[in-house]
Amino acid sequence: MIPGIPAYTAELLGTYFFVLAVIASGGNAIVSGGALALVIILVGGISSAFLNPAVSLAMFIQGSLSVVDLLAYVGAQMLGGLAAAMTYQLIKA
C-alpha cells in the first residue's frame, strides 16, 4: 500500500460528504453542523479531518504537514468539493 493514501482518501470523502450536505440543505446550520460533526468522528482518526484548504495551509505553516502532504490534502479537498457540487447538480436536475 502507498503511504498516505488512506488519509488523502479520507479527506476527499469527508469533504465530499460535508459539502454535499451543506449544499443540499441550503446551508441549514443544524444540518451543516451535524454533517461536520459526523465527518470529524468518521475520518478524524485517519486524516485529522482538516476538510478545508485553509486549515491544511495553517497546519503546514505550523509544521504539522509537509509540502507533499499539503498539496495532496488540498488536492483531495478540492476534488471532494468539486465532486459534491457535481453530484448535487446531477441530483437536482
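Mind jotting down the three principal axis lengths of the chain based on Cα atoms? Whole angstrom, largest first.
Principal axes ranked by extent give 40, 24, 23 Å for the Cα atoms.
Where the accessible area of the chain is counted over protein heavy atoms with a 1.4 Å probe, how much of it, in %, is carbon and sulfur?
Reported share for carbon and sulfur atoms: 75 percent.
How many Å² of accessible area per residue for the chain, probe 1.4 Å?
For the chain, the per-residue accessible area is 60 Å².
The values are calculated or read from the model by the stated rules, or taken from the named source; none is laboratory data. Not measured: the values here are computed from a predicted model. For the accessible areas, the whole protein counts, side chains as well, though only heavy atoms, and no ligand, DNA or RNA atoms are used. Shrake-Rupley method; radii C 1.70, N 1.55, O 1.52, S 1.80 Å.
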